[in-house]
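The values are calculated or read from the model by the stated rules, or taken from the named source; none is laboratory data. Computed from a predicted model, the values in this text were never measured in an experiment. So basically every Cβ, Gly included, is an ideal-geometry build from the backbone, and we count neighbours across all protein chains shown.
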Amino acid sequence: MIIIIGNLVPDLVSIFMRVKGITIFPFIFLRPTATEININHEKIHIRQQLELLVVLFYVLYFLDYVIGIIKYRNTRLAYKSITWEKEAYSKQDNMEYLKTRKWYSFLKYIK
Ligand SMILES: [Zn+2]
């Protein structure tokens, strides 16, 4: 895992919604203003991406997002309803989470 601090990549993916960071395995791109919580959030995504062999993660994540847009007609709500975001947001404050997290824990967040 390689953490890269800077606004360039977060700005590139902030066309629809401003993001603090993005994880594209094995890289975590974070704004200089990122907090420990933001870093923990992206580290959770690294683990999720590994579990789905990276490519499958992106396919399912995008599908989940599209389903959310159809369902809610709102990009923010759609984003917050993505299975992998629900796990990351609910556990990002717990700095010990990744030490005890079981494999495929995101399954609990499938709606
Ligand atoms: Zn996220």
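Name the pairs: first residue in the range 67-82 and free of Cβ contacts under 8 Å to residues at least 24 places away in the same chain, second residue among the polar types (S, T, N, Q), Cβ to Cβ under 6 Å, at least 6 apart or on different chains?
These pairs meet every condition: G68/S81.
Could you pull out the residue among T23, T75 that is out of contact with any strand residue (DSSP E or B) (no Cβ under 8 Å at 6 or more places or on another chain) and either at pLDDT below 95 or within 14 Å of the ligand (Cβ to nearest atom) (or both)?
The unique qualifying residue is T75.
So that you can scan it fast, the table gives a plain yes or no per residue for (1) surrounded by 12 or more Cβ atoms within 10 Å (Cβ to Cβ); (2) among the acidic types (D, E); (3) in contact with a strand residue (DSSP E or B) (Cβ under 9 Å, 6 or more places away or on another chain):
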residue: I3; (1), (2), (3): yes, no, yes
residue: L8; (1), (2), (3): no, no, yes
residue: L12; (1), (2), (3): no, no, yes
residue: I37; (1), (2), (3): yes, no, no
residue: H41; (1), (2), (3): yes, no, yes
residue: F57; (1), (2), (3): yes, no, no
residue: L60; (1), (2), (3): yes, no, no
residue: I69; (1), (2), (3): yes, no, no
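Residue pairs, Cβ under 8 Å, 6 or more apart or interchain, first in the range 87-111 and in contact (Cβ under 8 Å) with a residue 24 or more places away in the chain, second in a loop (DSSP other than H, G, I, E, B). List them.
That search, which allows pairs on different chains as well, returns K91/R101; K111/S81.
Within the range 82-92, identify whether any single residue is closer than 17 Å to V13 by Cβ, in contact with an Asp or Glu (Cβ under 9 Å, 6 or more places away or on another chain), among the β-branched types (V, I, T) and within 14 Å of the ligand (Cβ to nearest atom), and answer yes or no. Walk me through it before giving the result.
Within the range 82-92, the subset closer than 17 Å to V13 by Cβ is 82, 84-85, 88.
If we keep only those that are in contact with an Asp or Glu (Cβ under 9 Å, 6 or more places away or on another chain) as well, we get 82, 84-85, 88.
Imposing the further condition that a residue be among the β-branched types (V, I, T) reduces the set to 82.
From what's left, within 14 Å of the ligand (Cβ to nearest atom): 82.
Yes - at least one qualifying residue is present in the range 82-92.
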